[in-house]
1. Which numbered condition in (1) at pLDDT 95 or above; (2) under 24 Å from residue 246 (Cα atoms); (3) in contact with a strand residue (DSSP E or B) (Cβ under 8 Å, 6 or more places away or on another chain) is the only one that residue 65 fails?
2. Only one of 212, 239 is farther than 22 Å from residue 131 by Cα and either at pLDDT below 95 or not hydrophobic (A, V, I, L, M, F, W, C) (or both). Can you tell me which?
3. Can you name the residue in the stretch 26-76 that is surrounded by 14 or more Cβ atoms within 10 Å (Cβ to Cβ) and hydroxyl-bearing (Ser, Thr, Tyr) and, of all such residues, is farthest from ligand 1 (Cβ to nearest atom)?
4. Determine, yes or no, whether residue 141 is within 27 Å of residue 69 (Cα to Cα) and charged (D, E, K, R).
5. Which residue is nearest to residue 164 (Cα to Cα), if the candidates are limited to the stretch 119-132 and must be more than 22 Å from the chain's Cα centre (by Cα) and not charged (D, E, K, R)?
6. Say we look at the stretch 104-118 and pick out the residues that are surrounded by 15 or more Cβ atoms within 10 Å (Cβ to Cβ) and in a loop (DSSP other than H, G, I, E, B); which of these is farthest from the chain's Cα centre (by Cα)?
7. Could you list all residues from the stretch 62-103 that are within 16 Å of ligand 2 (Cβ to nearest atom) and part of a loop (DSSP other than H, G, I, E, B)?
8. Listed residues 174, 204, 221, 187; which is within 16 Å of ligand 2 (Cβ to nearest atom), among the β-branched types (Val, Ile, Thr) and in contact (Cβ under 8 Å) with a residue 24 or more places away in the chain?
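The values are calculated or read from the model by the stated rules, or taken from the named source; none is laboratory data. All figures in this text were calculated on a predicted structure; none of them were measured in a lab. Glycine also receives a Cβ, built like all others from the backbone with ideal geometry; neighbour counts cover every protein chain displayed.
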Amino acid sequence: MSDSSDMVAQGDTRADTVCAEGRVVLEARGVTKCYELDEVEVHALRGVDLQIYEGQMMSIMGASGSGKSTLMHIVGLLDRPSSGSVTVEGEDVSHMSANELAAVRNRRIGFVFQSFNLLARTSAQANVELPLVYAGLTGTERARKARAALERVGLGDRLSHLPNQLSGGQQQRVAIARALVTEPSIVLADEPTGNLDSRSGIEVMEILQDLDAQGITVVLVSHDPNVSRHAERVVHLKDGRIVEDEMVQNRMMAAQQLVDLGDDDL
Ligand code: ADP
Ligand code: MG
């Protein structure tokens, strides 16, 4: 099955060097980021050009400190570049106010973080409802959407559990449900398996690959080649620059890995 094969590059030079691709949903152009801390400048990004294609599961890979999270935050509109621009579906967001950026983000983008970032004394369902609090929905409607999102990640039977009553893998699935509840077209996941044992990590990758199969654009950050190989394309960052941009050969499929693992260590 190949969704991308029938989406031919549309006069896009970068796409031609990668493979035939679809529409660009997020783009960084000449993005730099310089942090100033105690009068020391840290050049986290040194000029990044990146096109993220609709429906193409992509991984940003690189050593710790190479700028992965910084890049993710900038293309996810959580932070602004020091120079360069970010476009969302062709629209330059540089001149948007913080409120306008938040509106674009809330409408289109879901985030998943390494450390889950769930509220501790709050049930799985209430955690997932949180992004909907300002959406002007009734309580009943919020609850319905949260339950549906939790069912989508296989946690329909854990609605009332608190985070500390869930395994790490389950907590990350709650965090994925929270990212999905607003029905984003893009999911950005920063080291989503970083705090998980290998089996739970594969289960999280299975969910991300399912989202990819459903047409959501998934961008994942990892320093681990075995995680990155679940994507279709891997972009390598080094010292704030893209040094390689490759299509994955023999993509790893998490569902198959789980079959191969069997139930032995459940
Ligand atoms: P990665 O996610 O690849 O580990 P980061 O994007 O987090 O890398 O960090 C890139 C560089 O920027 C690192 O040298 C880091 O120390 C620095 N950095 C990241 N965030 C900040 C910040 N808020 N203030 C100062 N320096 C930062
Ligand atoms: Mg990081």
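1. Only one criterion in (1) at pLDDT 95 or above; (2) under 24 Å from residue 246 (Cα atoms); (3) in contact with a strand residue (DSSP E or B) (Cβ under 8 Å, 6 or more places away or on another chain) is unmet by residue 65, namely (3).
2. 239
3. Out of the qualifying residues, it is 53.
4. No: the conditions fail for residue 141.
5. 120
6. 118
7. 62, 63, 64, 65, 66, 67, 76, 78, 79
8. Sole residue among the options that is within 16 Å of ligand 2 (Cβ to nearest atom), among the β-branched types (Val, Ile, Thr) and in contact (Cβ under 8 Å) with a residue 24 or more places away in the chain: 221.
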